[in-house]
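What follows is a single structure, written as structure tokens, with notes after it.
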Amino acid sequence: MNPIVAFIRLIRLPNLLIIVLTQYAIRYGIIYPIIFSFSGDQNIDGVGFKMEDWDFFLLSLSTAMIAAAGYIINDYFDVKVDRVNRPDKIIVGKYIKRRVAMGAHLVINAIAILIGAYLAYKIGNWKLIFIQVLSAGALWYYSTLFKKQVAIGNVVVALLAALVPFVAGLYELILQYTFSDDTVNILLFQLEEYTPFEDVEFALIATLKIIMYWVLGFSFFAFISTMIREIIKDIEDYDGDKKYFSNTLAVVYGKEKAKILAQGIGVIMIGLIAYYQYTQLQENPGGEDAVQAKAQTKALITVMYFLFTVQIPLLYVIYKLKLATIKTDYTKLSTSMKFIMLTGIGYTALFYYLIINI
């Protein structure tokens, strides 16, 4: 295999692209339309993104680089286990030398952390550097320790997955709050004379809270869906993990109990989405007024989207998980969970359309 192709496979390029897509989806699919709507559907200079496009690109790059370094170090320490679980996918030691893989891991992490330091300096909040440092550290310890302990490895990976959309919103919101007075002053020139500063400020803060709720919602979705997928992968990798004494949920408690846990989390996920759908329909009952009718239409479209792209596919995963018996069954279910995660991200495009065009 060509070394360049081997390296691309090692860092899981498609997964890195999904990470970047997720962060840009949050930026342009959630944050932008909400701010646009708040400003009265006008492109007013000074009202909009506070984080520059270049800086956001660097943020996504650093996130993807830390993930890439995590994939490298995971494969570095998993060579023996992978000889049992997925012998056809071994890269380290076969196509790329171990010392080269370790060197790449260190260099990529170092660059990502330097980018994080620059962004923390640019934003004026040095504490933000800990996001990159702790993420890199968590992935190291996941590969060397956490993944061999019951549930801890699953939770760590799920938390890091949740961090991807959360970070995309966090940096922007920090800047939005920092420059909130400037935004209010700009808006005051567009409003009726003598509009109270406090009223506009209250509306802006309420809008920023709405953005945070959406960002947290996507982060929680990423956490839950990743937990399900990680448990399924534990069952898939049962043979290698058992042979090399990895205390995963499937090894310690058995495949059947691991299945039940994954199914239970899936049911909870379906229930939480159903509750959100219910509240949307209750808050937007419709009416003869055009605004109310539009609100109800948006709510119905959202309900249908989640029903057919997340809930029904998740019910399929829960059902098929009960019937799964061989390794390929779990591989297919893991792929199905990735599809569900992608459709969850895909809602940002629909959200943008509903806010901007309806």
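Does Leu354 satisfy the criteria of being within 22 Å of Ala274 (Cβ to Cβ), at pLDDT below 95 and surrounded by 14 or more Cβ atoms within 10 Å (Cβ to Cβ)?
yes
Tell me, yes or no, whether the range 215-226 has at least one residue that is of a type in the set (Ser, Thr, Tyr) and touching a Pro at 6+ places or on another chain (Cβ under 7 Å).
Within the range 215-226, one or more residues are of a type in the set (Ser, Thr, Tyr) and touching a Pro at 6+ places or on another chain (Cβ under 7 Å).
Could you list all residues from the range 287-312 that are out of contact with any Ser or Thr (no Cβ under 6 Å at 6 or more places or on another chain) and not hydrophobic (A, V, I, L, M, F, W, C)?
The answer is Gly287, Glu288, Asp289, Gln292, Lys294, Gln296, Thr297, Lys298, Thr302, Tyr305, Gln311.
Do you know which of the residues in the range 317-331 that are free of Cβ contacts under 8 Å to residues at least 60 places away in the same chain and either among the hydrophobic types (A, V, I, L, M, F, W, C) or assigned to a helix (DSSP H, G or I) (or both) is nearest to Arg27 (Cα to Cα)?
It comes out as Ile318.
Return yes when Lys50 is of a type in the set (Lys, Arg), crowded, with 17+ Cβ neighbours inside 10 Å and on the phi < 0 side of the Ramachandran plot and no when it is not.
Answer is yes for this residue.
So, in the range 239-283, of the ones that are surrounded by 21 or more Cβ atoms within 10 Å (Cβ to Cβ) and either aromatic (Phe, Trp, Tyr) or free of Cβ contacts under 8 Å to residues at least 24 places away in the same chain (or both), which residue ends up farthest from Lys294 (Cα to Cα)?
The extreme case among them is Val251.
Checking the condition without any contact (Cβ under 8 Å) to a residue 24 or more places away in the chain and within 16 Å of Gly29 (Cβ to Cβ), which residue from Tyr194, Tyr213 passes?
Tyr213
Scan the range 65-87 for residues that are modelled with pLDDT of 90 or more and among the polar types (S, T, N, Q) and report the count.
1
Does at least one position in the range 199-209 carry a residue that is surrounded by 13 or more Cβ atoms within 10 Å (Cβ to Cβ), under 21 Å from the mean Cα position of the chain (by Cα) and either modelled with pLDDT under 95 or among the hydrophobic types (A, V, I, L, M, F, W, C) (or both)?
Yes; the residues of the range 199-209 include at least one that is surrounded by 13 or more Cβ atoms within 10 Å (Cβ to Cβ), under 21 Å from the mean Cα position of the chain (by Cα) and either modelled with pLDDT under 95 or among the hydrophobic types (A, V, I, L, M, F, W, C) (or both).
Which residues, taken from the range 172-190, are part of a loop (DSSP other than H, G, I, E, B) and either closer than 23 Å to Gln23 by Cα or without any contact (Cβ under 8 Å) to a residue 60 or more places away in the chain (or both)?
Phe179, Phe189
What is the number of the single condition among (1) out of contact with any Asp or Glu (no Cβ under 6 Å at 6 or more places or on another chain); (2) assigned to a helix (DSSP H, G or I) that Met1 does not meet?
So Met1 meets the others, but not (2).
Checking Lys94 against (1) more than 26 Å from the chain's Cα centre (by Cα); (2) in a helix (DSSP H, G or I): exactly one of these is not met. Which one?
Only one criterion is unmet by Lys94, namely (2).
Taking the range 88-103 as the region of interest, how many residues are of a type outside the set (Gly, Ala, Ser) and modelled with pLDDT of 90 or more?
The qualifying residues number 8.
Check whether at least one residue in the range 258-267 is under 23 Å from the mean Cα position of the chain (by Cα), closer than 22 Å to Gly346 by Cβ and modelled with pLDDT of 95 or more, and report yes or no.
Yes, the conditions are met somewhere in the range 258-267.
Under the condition of being among the acidic types (Asp, Glu) and assigned to a helix (DSSP H, G or I), which residue from the range 209-245 is nearest to Val164 (Cα to Cα)?
For the range 209-245, the residue satisfying everything is Glu230.
So which pairs qualify, if the first residue must be in the range 332-358 and more than 16 Å from Gly266 (Cα to Cα), the second must be basic (Lys, Arg), the Cβ gap must be under 7 Å, and the two must be at least 6 apart or on different chains?
Close Cβ pairs satisfying both conditions: Leu354/Lys298; Ile358/Lys294; Ile358/Lys298.
Counting just the residues of the range 55-109 that are more than 18 Å from Trp140 (Cβ to Cβ) and aromatic (Phe, Trp, Tyr), which one comes out surrounded by the fewest Cβ atoms within 10 Å (Cβ to Cβ)?
Phe57
Quick grid of which residues meet (1) more than 23 Å from Ile211 (Cβ to Cβ); (2) under 21 Å from the mean Cα position of the chain (by Cα):
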| position | (1), (2) |
| --- | --- |
| Arg99 | yes, no |
| Gly103 | yes, no |
| Ile115 | yes, yes |
| Tyr121 | yes, no |
| Gly124 | no, no |
| Ala136 | yes, yes |
| Ala151 | yes, yes |
| Ala161 | no, yes |
| Val167 | no, yes |
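So in the range 306-322, with the set limited to residues that are buried (at least 18 other Cβ atoms within 10 Å of the Cβ) and touching a Phe, Trp or Tyr at 6+ places or on another chain (Cβ under 9 Å), which one is nearest to Met269 (Cα to Cα)?
Val310
The values are calculated or read from the model by the stated rules, or taken from the named source; none is laboratory data. Predicted model, so just to flag it, every value in this text is computed and none were measured. Backbone-built Cβ (ideal geometry, glycine too); neighbour counts: all protein chains shown.
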